[in-house]
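Report on the structure given below.
The values are calculated or read from the model by the stated rules, or taken from the named source; none is laboratory data. Treat the numbers as computed from the prediction; the structure is a model and nothing was measured. Ideal geometry is used to build each Cβ from the backbone, glycine not excepted, and the neighbour counts take in all protein chains shown. Note: areas computed on protein heavy atoms with side chains; ligands, DNA, RNA excluded. Shrake-Rupley method; radii C 1.70, N 1.55, O 1.52, S 1.80 Å.
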Amino acid sequence: MAVAVVVLLGSLSSLLVGSRIAQRRTVEERLARNQIESLIALKAECPVTALTPIVDGITYKVETTCPPTQNPGYIELKVTAHELHDPSDLGKSLSVDRVQQ
Amino acid sequence: MSRVLRRQAGYTLVETIVAMTVGAIVIAAVFPVFLLLYRVETTWANASQARASGLIAEDSLLRDVRVYEVERSEPTLLLLRALGTGPTYSVTYSVKRWIDSSGQVRTALLRTVRDKDGNVLSQRAVAHGIRTFTTGCFGSTLSVSLVVDGSDGTPVPVSPDLLVTPRNLKGCPTP
């Protein structure tokens, strides 16, 4: 019986942790995508201020970096969204490039 | 009593009662934890399912916003207009509510295509269970906020809101 209880609680906990992680990744992806849309709309240039939106009571950090490129007028913006206090280096990254006119 | 007989004697009544009592205490301690985890899991699964429904709605919306211009954005209605100078038509997104045969309130996000005279060319539900659909176009960003019905009837917001850059050259249309 003890084994059954431990197995039951163990699987439920794994399910919870898994769904929590999946939910955070979804939110991170949406935040990164929204930031890219904002960058396109505002025609922003680097550096871009980091944002700390709160979604469902969890604070995330949305950072935008611009890796150096060889071609003048061409910039690549890499947006990374992750939980603010997440010690791991996980998170969601999306990038967009553009030619400056 | 010989060793063989003692081994076959089984448990005494006291041992059985003690074992059952300890077992009951353990179950009583563990059950609330199980119940809590189960409730949390059910709530999250409900929210997750609702979000998936919201994502389906957004998918269709995103495709249209990438192709058409935003002509009018009202809190509960989004009107998109096809580009070009030829025969043009419009796409409207709105929430429809109705009562089904079992008396339950049903909702869906409708995508309606109309020609230039306002005749409906096509109308279909892009996602079911969409309780509210709110749009706002400010500056150069269209924001779309969806609240979806969870399987237990609770409203689940799809967060964060969807932000899209419309194709309009001068940004959002002025109301």
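May I ask you to verify whether A:I54 is closer than 17 Å to B:L162 by Cα, without any contact (Cβ under 8 Å) to a residue 40 or more places away in the chain and either open to solvent by 60 Å² or more (accessible area, probe 1.4 Å) or touching a helix residue (DSSP H, G or I) at 6+ places or on another chain (Cβ under 8 Å) (or both)? Please lay out each step first, then the result.
Working: closer than 17 Å to B:L162 by Cα: yes; without any contact (Cβ under 8 Å) to a residue 40 or more places away in the chain: yes; either open to solvent by 60 Å² or more (accessible area, probe 1.4 Å) or touching a helix residue (DSSP H, G or I) at 6+ places or on another chain (Cβ under 8 Å) (or both): yes.
Yes: the conditions hold for A:I54.
Do we have any residue at all in the stretch A:20-41 that's open to solvent by 60 Å² or more (accessible area, probe 1.4 Å), over 30 Å from B:F31 (Cβ atoms) and either more than 13 Å from the chain's Cα centre (by Cα) or free of Cβ contacts under 8 Å to residues at least 12 places away in the same chain (or both)?
Yes, the conditions are met somewhere in the stretch A:20-41.
So if I check each of B:R72, B:R81, B:R111, which one is within 28 Å of A:A32 (Cβ to Cβ) and of a type in the set (D, E, K, R)?
On the way: B:R72 fails: within 28 Å of A:A32 (Cβ to Cβ); B:R81 fails: within 28 Å of A:A32 (Cβ to Cβ).
Only one candidate qualifies: B:R111.
Tell me which of these B:S73 doesn't satisfy, since it passes every other one: (1) over 30 Å from A:T52 (Cβ atoms); (2) over 16 Å from the mean Cα position of the chain (by Cα); (3) modelled with pLDDT under 90.
Unmet for B:S73, out of (1) over 30 Å from A:T52 (Cβ atoms); (2) over 16 Å from the mean Cα position of the chain (by Cα); (3) modelled with pLDDT under 90: (1).
Can you work out which of the residues in the stretch B:22-74 that are of a type in the set (S, T, Y), open to solvent by less than 70 Å² (accessible area, probe 1.4 Å) and in a helix (DSSP H, G or I) is farthest from B:L146 (Cα to Cα)?
Filtering the stretch B:22-74 for residues of a type in the set (S, T, Y) gives B:38, B:42-43, B:48, B:53, B:60, B:68, B:73.
Next cut, open to solvent by less than 70 Å² (accessible area, probe 1.4 Å) only: B:42, B:48, B:53, B:60, B:68, B:73.
Keeping just the survivors that are in a helix (DSSP H, G or I) gives B:42, B:48, B:53, B:60.
Numbers: B:T42: 21, B:S48: 14, B:S53: 10, B:S60: 13 Å.
Checked the stretch B:22-74; the qualifying residue farthest from B:L146 (Cα to Cα) is B:T42.
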